[in-house]
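K.L.:
Here it is, the structure in full.
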Amino acid sequence: MRIALPIVLTQLGGAFVSLADNIMVGHVGTTELAAVSFSSSIYFLGHVLAIGAVMGVTPLVGQVFVQNDNRNIRSYFYNGILFTAVVAVVLVGLLLLAYPFLDRMGQEKEVVEVCRPYFLITTLSLIPFLLFCHLKQFMEGLGNTKVAMVITIIANSINVLLNYLFIFGKWGFPEWGIVGAGVATLISRLMMPLMFFSYIRCKQQWWHYVNRFSINLLTKDKFAQLAKIGIPIGGHMLLECSVWCLSAIMVGWLGAVPLAANQIALQVANTTFMVVVGIGNAATIRVSHRLGERNFDGLKMAANAATHLCIANNVITTILIVTFCRQIPYIFTTDIVVVDAAIPLLVLAGIFQIFDGIQCVGIGILRGLTDVKIPVLYALITYIVINLPLGYLLAFPLQMGASGFWVAFSVSLCLAGVLYHTRWVRKWRTISKTN
């Protein structure tokens, strides 16, 4: 809990900005809300792949940190910056290549035209955000999860204020609508790495890990290690996110109203999911530390604690979402047609919470063990081979509409959770017997 809570608040801070964007944009109009949904469906494919790719630094730093290996800590820091820069350039380039094809994805013409500038601005904001993510993952490897929380809260508060000013043209600022939301996101993300660097520079406790740069610290081995761990994590997250993004695109084939309703359910699910992401990341940190100490009983206790905490949280979350499914849509829109369409989706989003949480913690444990390759195969099977075809079958041939995709989510995530937990138990038995 002590490690997880700051991560949870950091993740919730990021989700809150997206939530605030959608709430404010939703009150501009249904087309604008659908445009944010469509833009996010494309952008987040690159976003999660990039974030996942830089997450490899946490377990690697965590293991050498408990061994007091300061040179390797410093080496991972600087190789991580180089790796992050490469990832940022590649993925921003790929996202920009998708821009000319936005009007060929089956969306309504008005939705595409509104989303174009928002997509460009948020794509550029990925560069500073990735640098922040590297700093965050590095500090989490050292066991500090509070700094990122404070910086996220400050940056997100600024983002929400700028949203209000730029979207609605308050206090003499221009009324930019959906473009204003993108500009606010870009400004706040530029501030995040600057604040992080300033904090590290002012704290000798952390500065001594990074203050002696030498070109000799940049090595092919360390860079390759970061890629070897980070790229599979990014690939896993891309597979998981692609299910949501591609499903949202297919929901758009049903029209702007189902797409807007689906975006409401997605935003609620994404916000609650940040809690279990925090628990999963805490599991990665604790497991990597215990692995570095060769404390296998402690490793198992940390993994079990994260699993139990996740289940307890998600049972409560499920009850709350289902109970208030009729009230939640009004936070985003006053369009009664969208509200009615969102209610059944929220019920299903509430039910699938438990399955989503279990698989998230399971993969967090495996990342702490630096076991990242086989889980990608599990993700490919459950998220792509099973989820997408099942969602399409339920939504269109069986005429369940957007609800069909949420049923498919529950089925695939349940299977993924079983596979991840079975694997980590098997891995623990193997390493505990051989050491």
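K.L.:
Could you please give the count of residues in the range 419-435 that are buried (at least 16 other Cβ atoms within 10 Å of the Cβ) and among the aliphatic types (A, V, I, L, M)?
P.N.:
Number of matching residues: 1.
K.L.:
Something else about it: Regarding the range 106-126, can at least one residue be identified that is open to solvent by 30 Å² or more (accessible area, probe 1.4 Å), under 29 Å from Gly62 (Cα atoms) and at pLDDT 85 or above?
P.N.:
No: zero hits.
K.L.:
Right, another one. Would you please list the contacts, defined by Cβ atoms under 6 Å and residues six or more apart or on different chains, that run from a residue in the range 93-105 that is farther than 14 Å from Phe44 by Cβ to a residue that is open to solvent by 70 Å² or more (accessible area, probe 1.4 Å) and assigned to a helix (DSSP H, G or I)?
P.N.:
none
K.L.:
Still on this structure: Among the residues of the range 173-191, which ones are modelled with pLDDT under 90 and either among the hydrophobic types (A, V, I, L, M, F, W, C) or open to solvent by 60 Å² or more (accessible area, probe 1.4 Å) (or both)?
P.N.:
The answer is Phe173, Glu175, Trp176, Ile178, Val179, Ala181.
K.L.:
State all residues of the range 358-379 that are modelled with pLDDT under 85 and of a type outside the set (Ser, Thr, Tyr); if no residue qualifies, say none.
P.N.:
Selection gives Val372 alone.
K.L.:
So which residues in the range 395-405 are in a helix (DSSP H, G or I), more than 14 Å from Glu240 (Cα to Cα) and not aliphatic (A, V, I, L, M), if there are any at all?
P.N.:
Correct list: Ser403, Gly404.
K.L.:
For Thr334, state whether it is open to solvent by 10 Å² or more (accessible area, probe 1.4 Å), at pLDDT 90 or above, farther than 30 Å from Ile431 by Cβ and more than 20 Å from the chain's Cα centre (by Cα).
P.N.:
So Thr334 does not fit the description; no.
K.L.:
Of everything in the range 160-172 that's aromatic (Phe, Trp, Tyr) and open to solvent by 40 Å² or more (accessible area, probe 1.4 Å), which residue is farthest from the chain's Cα centre (by Cα)?
P.N.:
Taking the candidates together, the pick is Trp171.
K.L.:
Would you mind finding the one in Val347, Val361, Val322 that is open to solvent by 20 Å² or more (accessible area, probe 1.4 Å) and within 23 Å of the chain's Cα centre (by Cα)?
P.N.:
That would be Val347, the only listed residue that is open to solvent by 20 Å² or more (accessible area, probe 1.4 Å) and within 23 Å of the chain's Cα centre (by Cα).
K.L.:
Mind counting the residues in the range 293-319 that are within 21 Å of Ile264 (Cα to Cα) and over 23 Å from the mean Cα position of the chain (by Cα)?
P.N.:
Total meeting the criteria: 1.
K.L.:
Which residue pairs have Cβ atoms under 6 Å apart, sit 6 or more places apart or on different chains, and have a first residue in the range 55-77 that is at pLDDT below 85 and a second that is open to solvent by 30 Å² or more (accessible area, probe 1.4 Å) and assigned to a helix (DSSP H, G or I)?
P.N.:
Every condition considered, the pairs that remain are Val66/Glu293.
K.L.:
For Thr370, are the conditions met, namely being of a type in the set (Val, Ile, Thr) and on the phi > 0 side of the Ramachandran plot?
P.N.:
Spelling it out, Thr370 is indeed of a type in the set (Val, Ile, Thr) and on the phi > 0 side of the Ramachandran plot.
K.L.:
Restricting to the range 192-211, and then to whatever is of a type in the set (A, V, I, L, M, F, W, C) and open to solvent by 60 Å² or more (accessible area, probe 1.4 Å), can you tell me which residue is modelled with the lowest pLDDT?
P.N.:
Within the range 192-211, the match that is modelled with the lowest pLDDT is Trp207.
K.L.:
Looking for whichever is in a helix (DSSP H, G or I) and over 30 Å from Gly292 (Cα atoms) here; the options are Val347, Val376, Val418, Val425. Which one fits?
P.N.:
Answer to the selection: Val347.
K.L.:
Can you say whether Ala303 is in contact with a Lys or Arg (Cβ under 9 Å, 6 or more places away or on another chain), open to solvent by less than 80 Å² (accessible area, probe 1.4 Å) and either in a loop (DSSP other than H, G, I, E, B) or small (Gly, Ala, Ser) (or both), as far as the supplied structure shows?
P.N.:
yes
The values are calculated or read from the model by the stated rules, or taken from the named source; none is laboratory data. Computed from a predicted structure; not experimentally measured. Cβ atoms come from the backbone with ideal geometry, glycine included; neighbour counts cover every protein chain shown. Surface accessibility is based on the protein's heavy atoms, side chains included, excluding ligands, DNA and RNA. Shrake-Rupley method; radii C 1.70, N 1.55, O 1.52, S 1.80 Å.
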